[in-house]
Amino acid sequence: MRNPTMWKVAAVVVLAIALVNVTLGLNLLPGPSEASERGTFAALLITWTMVLISAGSGVALAGFLLTAKRGR
């Protein structure tokens, strides 16, 4: 059985996790100029790519949870 309210709650939780992921990236990772000075710019780009892919996946999953149709 499908409880539509719980699927919506799950979608909101997934969006919150994606937002926390981006917020942690903004607060914990150094800026581009600091990374260039230290010589870790490539590592910064790779890390931000992983953060953005996981946040995008969270948004896609939340969209699926909000729009999933009920089975037969």
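None of the figures in this text is laboratory data; all of them are computed from the coordinates on show. The model shown is predicted, which means the values in this text are computed figures rather than measured ones. For neighbour counting, all protein chains shown are included, and Cβ atoms are generated from backbone atoms with ideal geometry for every residue, glycine included.
List of remarks:
- Number of the exception - residue 8 against (1) within 30 Å of residue 69 (Cα to Cα); (2) not in a helix (DSSP H, G or I): (2)
- For the range 1-51, filtered to residues that are among the small types (Gly, Ala, Ser) and surrounded by 11 or more Cβ atoms within 10 Å (Cβ to Cβ), the residue that is farthest from the chain's Cα centre (by Cα) is 36.
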